[in-house]
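The values are calculated or read from the model by the stated rules, or taken from the named source; none is laboratory data. Computed from a predicted structure; not experimentally measured. All Cβ positions, glycine included, derive from the backbone under ideal geometry; neighbour counts span all protein chains shown.
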Amino acid sequence: MPELPEVETIRRTLEKKILYRPVRGVEVLYPKVLRNCSEEQLERALLGRSFIELDRRGKYLLCSLDSGQQLVIHLRMTGRLTAVPTDAAVEKHTSFRFHLQDGLDLRLVDQRKFATVDLVDCLGGGAVKALEILGKEPLDEDFTPEYLAEQLADRRAAVKSVLLDQRRVAGLGNIYADESLHRAGIFPGKIAGKLTQEEIKRLHESIQQVIREGITHRGTTFRDYVDGEGRRGGFQDLLRVYGREGEPCTTCGEPIARIKLAGRSSFFCPRCQRD
């Protein structure tokens, strides 16, 4: 699933391509991608309108129109949102095509078909409920060690599970949580409420460091993720633990191990991150 660095990279690359190009046509090839509107309602909202701003909240991409409406897109597991020439071949798992002025398409391709689109009337006070409950983001000014400590306090769940809870930290997923915990020297299964102040301080610093590096290197590509121009990310070449089971730890040489936490694989170094 694209996490904060991937969605931010998509936002930045699409911003250069699609803003202020009027929508000339709308094709929805997989209607179930639309959560709260029909194909006809989407077409009426888009035709003749232009995207004027792209924002991001957590893992959501917010595409604002000059009408005051907004598309809220979540790519889920395998969604790819790219700007391509209108005459480019249509891929098998394309969910929608928005035909923009001057021969450009905005397309969503999603093999697993989990991606979602919500149409929101911002001027009318509309909102997507999932956005309202998101926690602070790692690079927010008010994402402080104290804030992180509050989210972990008295929690009996594994620290990795708490970090993945979007109500507590918005934008983190498996990849960047594992990488952050490794840099902080914390076992992913450790009870969140038992972290010391020093561990929380290290974890806070590591989360911010990893997210910044992920953005700098344009995200992590294993299989599906590409940016808004169809390019792969580069952070996969710098991963220290995620997806590296059996390979040597870049810090100490110990083979990286994998465990299951709440049904998800977690990668860690048994020496650097002792249980």
Legend entry - Filter pass, PHE98 being touching a His at 6+ places or on another chain (Cβ under 9 Å) and either buried (at least 19 other Cβ atoms within 10 Å of the Cβ) or at pLDDT 95 or above (or both): no
Legend entry - Residue list for region 67-95, filter: small (Gly, Ala, Ser) and surrounded by fewer than 19 Cβ atoms within 10 Å (Cβ to Cβ): SER67, GLY68, ALA88, ALA89
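Filter region 17-48 down to the residues that are in a helix (DSSP H, G or I) and of a type in the set (D, E, K, R), then identify the one that is farthest from GLY103 (Cα to Cα). Can you show your working first?
Going through region 17-48, the residues in a helix (DSSP H, G or I) turn out to be 17-18, 31-33, 39-46.
Checking the rest, the ones that are also of a type in the set (D, E, K, R) come to 17, 32, 39-40, 43-44.
Numbers: LYS17: 11, LYS32: 26, GLU39: 22, GLU40: 23, GLU43: 18, ARG44: 20 Å.
Ranking the candidates gives LYS32 first.
Run down ASP110, ASP118, ASP142 and say which single residue is exposed (fewer than 14 other Cβ atoms within 10 Å of the Cβ) and among the charged types (D, E, K, R).
After ruling out the rest, the residue left standing is ASP142.
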Legend entry - Yes/no for PRO5 being touching a Gly at 6+ places or on another chain (Cβ under 7 Å) and modelled with pLDDT of 95 or more: yes
Legend entry - Unmet criterion (only one of (1) closer than 27 Å to ALA83 by Cα; (2) aromatic (Phe, Trp, Tyr); (3) in contact with a strand residue (DSSP E or B) (Cβ under 6 Å, 6 or more places away or on another chain)) for TYR176: (3)
Legend entry - Test for THR86: is it among the hydroxyl-bearing types (Ser, Thr, Tyr) and farther than 14 Å from ARG21 by Cα: no
Inset, instruction - Considering every residue within region 254-270, establish whether at least one is assigned to a loop (DSSP other than H, G, I, E, B), in contact with a Leu (Cβ under 9 Å, 6 or more places away or on another chain), touching a residue at least 12 places away in the same chain (Cβ under 8 Å) and not charged (D, E, K, R). - result: yes
Inset, instruction - Give me a count of the residues in region 226-248 that are assigned to a loop (DSSP other than H, G, I, E, B), in contact (Cβ under 8 Å) with a residue 40 or more places away in the chain and in contact with a Pro (Cβ under 9 Å, 6 or more places away or on another chain). - result: 1
